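Only one structure is covered here, and it is reproduced in the block below.
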Amino acid sequence: LMAALDFETSDPAQYDNLDAFMKRLQTEQSALQMLNAKAVMDVEQVYVKLQEDLASVAMQLGDMENELRNYDRSMQSLRADVEAIQARNSELEHQKANYEGLEKELRVLLEALAVDET
């Protein structure tokens, strides 16, 4: 280090420069340590906030899942009702077709039984 800074140890003034340089390095090191500590605290705060946000999101997802399960149960009930209505509708349509066929046959029979008045 001393060779890189071109210090000569025989000159007492150089010792003063070395002491001043060392004090400056210590000051800068202290400042960097404080900045590092502040950065660590800031990161911790961000980390804590992130954990809180994730916990909140997890709770919201749980609530949404419960709501979707309830909705699905309601929809299952409605689907069962719709299927029952469709089955009954099919029965009624079949019955209507049978009654229409019966009515047609009865008209044919009535026409065949019709007596001329002359």
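The values are calculated or read from the model by the stated rules, or taken from the named source; none is laboratory data. It should be emphasised that the depicted structure is a prediction, and the values quoted were computed from it without experimental measurement. FYI the Cβ positions are ideal-geometry reconstructions off the backbone, even for glycines, and counts take in every protein chain you see. The area values use the complete protein model at the heavy-atom level, side chains included, leaving out ligands, DNA and RNA. Shrake-Rupley method; radii C 1.70, N 1.55, O 1.52, S 1.80 Å.
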Practice task
Ignoring everything but the protein chains, give the 1.4 Å probe accessible area of Met64 in square angstrom, nearest 10.
Solution key: 110 Å²
Practice task
Keeping all protein chains in position, work out how much accessible area Lys49 exposes to a 1.4 Å probe, and write it in Å² to the nearest 10.
Solution key: 110 Å²
Practice task
Specify the inter-centroid distance of the stretch 27-42 and the stretch 68-85, based on alpha-carbon positions, in whole Å.
Solution key: 62 Å
Exercise for the section: Report the calculated FRET efficiency for Gln51 and Lys23 (r = Cβ-Cβ distance, R0 = 35 Å), to the nearest 0.05. Expected result: 0.25
Handout entry: Heavy atoms of Asp63 accessible to a 1.4 Å probe, total area in Å² rounded to 10
Key = 90 Å²
Practice task
Apply the Karplus parameterisation 6.51 cos²θ - 1.76 cosθ + 1.60, with θ equal to phi minus 60°, to every residue of the stretch 59-65 and state each ³J(HN,Hα) to the nearest whole Hz, in sequence, with x for glycine and proline.
Solution key: 5, 5, 5, x, 4, 5, 4
